[in-house]
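Student: To start, I am sharing the structure in question, which I have written as structure tokens.
The values are calculated or read from the model by the stated rules, or taken from the named source; none is laboratory data. All values reported here derive from a predicted model rather than from experimental measurement. Heads up, the Cβs are rebuilt from the backbone with ideal geometry, glycines too, and the neighbour counts pull from every protein chain shown. Just so you know, the surface numbers come from the protein's heavy atoms only, side chains and all, with ligands and any DNA or RNA stripped out. Shrake-Rupley method; radii C 1.70, N 1.55, O 1.52, S 1.80 Å.
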Amino acid sequence: MTDHILVERQGAVQIIRMNRPDKKNALTRAMYAKMSAALTEGDADPAVRVHVFLGVPGAFSAGNDLADFLAIATGGEGGNEVWDFLMALARSQKPMVSGVDGIAVGIGTTLNLHCDLTFATPRTLFRTPFVDLGLVPEAGSSLIAPELLGRQCAFALLGLGEGFSAERAKAAGLIYDVVAEDALESTVLTAADGIAGKPPQALKIARDLMREPREALIARIQVEAEHFRERLTSEEARAALTAFMTRKKAS
């Protein structure tokens, strides 16, 4: 349901909040579609100068709704909403800030690689179990993470699926700062307001100079997507996803 994504404006700041607490903000295709639309519309609106991503207490995002992926893996169709959102992230023309509390799995981690500032709470754990599910990294993370973290830390995160605490993530360069749970949103919004107050054209040029060229990033997302789609329909991924869902139902 699209009300699982709440979009609001506070001055020049657009807040995109994932709001599916009963599922720890596992993202459905409808949720991806609404976030894509928010980014695209916000980029086109000169009144918006900053995008902010937030979750709910204890859960930024548990990643993709695996029921959607299992349906694709077992012969269903769809999933374009996911890739549309990843492209919207890569193409976003305005600064992005995120506030992460608690669970940050899969896209709940890789989304932040696109953000210009990410704040996280001490109880946050970043994890990308792509390979464990028979899948591959997404969101351009195979390009961005080695540059931000170094190849070996990136392999630990994306290949081994190791969890990164907030402090480890900060030390590695995955996030900007660690803040208390009760200060997270105010810190994020204060930072976003500060960004919104900068001369927008100068900031855009500076941001573009500091980021990976969009052409290379978009090309990498497309290559990842090809592998991801192929892996989703593989026996390896089908078995891993089915086993995960079985364990989840039993627990």
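Student: For the chain, what is the calculated [θ] at 222 nm in deg cm²/dmol (nearest 500), taking -39500 (n - 2.57) for each run of four or more DSSP H residues and dividing by its residue count?
Tutor: Only helices count here, giving -15000 deg cm²/dmol.
Student: Further, regarding this structure: Provide the convex hull volume over Cα atoms per residue for segment 159-251, in Å³.
Tutor: Value for segment 159-251: 180 Å³ per residue.
Student: Over all directions, the average projected area of the alpha-carbon convex hull for segment 91-197 comes to how many nm²?
Tutor: The Cα convex hull of segment 91-197, projected and averaged over all directions, gives 6.5 nm².
Student: Here is a further query. What residue among V179, V136, S165 has its Cα farthest toward the positive end of the dipole of segment 113-200, where the charges are +1 on Lys, Arg and -1 on Asp, Glu, each on the Cβ?
Tutor: Final value for the positive-end residue is V136.
Student: Next question, about the same structure. If you take the square roots of the eigenvalues of the alpha-carbon gyration tensor of segment 207-251 and sort them as a ≥ b ≥ c, do you get rounded (a/c under 1.5), prolate (a/b over b/c) or oblate?
Tutor: Oblate is the answer for segment 207-251, as a/c is 1.5 or above yet b/c matches or exceeds a/b.
Student: Could you give the dipole magnitude of the chain about its Cα centre, charging the beta-carbon of Lys and Arg +1 and that of Asp and Glu -1, in debye to the nearest 20?
Tutor: About 180 debye.
Student: Could you tell me what percent of the accessible area of the chain is made up of carbon and sulfur, with a 1.4 Å probe and every protein chain present?
Tutor: Using a 1.4 Å probe with all protein chains present, the chain comes out at 56 percent carbon and sulfur.
Student: Dipole of the chain (Lys/Arg Cβ +1, Asp/Glu Cβ -1, origin at the Cα centre): which of Y32, L241, F228 lies farthest to the positive side?
Tutor: Checking the options against the dipole of the chain, the answer is L241.
Student: How long is the gain from Q152 to E8 if the chain were fully straight, where each residue apart is worth 0.36 nm and the alpha carbon distance is subtracted?
Tutor: Length gained, Q152 through E8: 48.0 nm.
Student: Counting only heavy atoms of protein chains, what accessible area per residue, in Å², does segment 4-140 have with a probe of 1.4 Å?
Tutor: 33 Å²
Student: While we're looking at this one, here's another question. About its Cα centre, how strong a charge dipole does segment 160-251 have in debye, to the nearest 20, once Lys and Arg get +1 and Asp and Glu get -1 at the Cβ?
Tutor: 220 debye
Student: On to the next question. Rounded to the nearest 0.05, what FRET efficiency do I218 and E41 give with R0 = 25 Å and r taken as the Cβ-Cβ distance? Could you check?
Tutor: 0.80
Student: Mind grabbing the base-10 log of I(q)/I(0) for the chain at q = 0.09, 0.11, 0.14 Å⁻¹? Debye formula, identical points on the C-alpha positions, no solvent, two decimal places.
Tutor: -0.36, -0.54, -0.91
Student: Dipole magnitude of segment 84-202 about its Cα centre, charges +1 at Lys/Arg Cβ and -1 at Asp/Glu Cβ only, in debye to the nearest 20?
Tutor: 300 debye
Student: OK, next. Using a Förster distance of 25 Å, how high is the FRET efficiency between E162 and F244, based on the Cβ-Cβ distance and rounded to 0.05?
Tutor: Efficiency for this residue pair is about 0.90.
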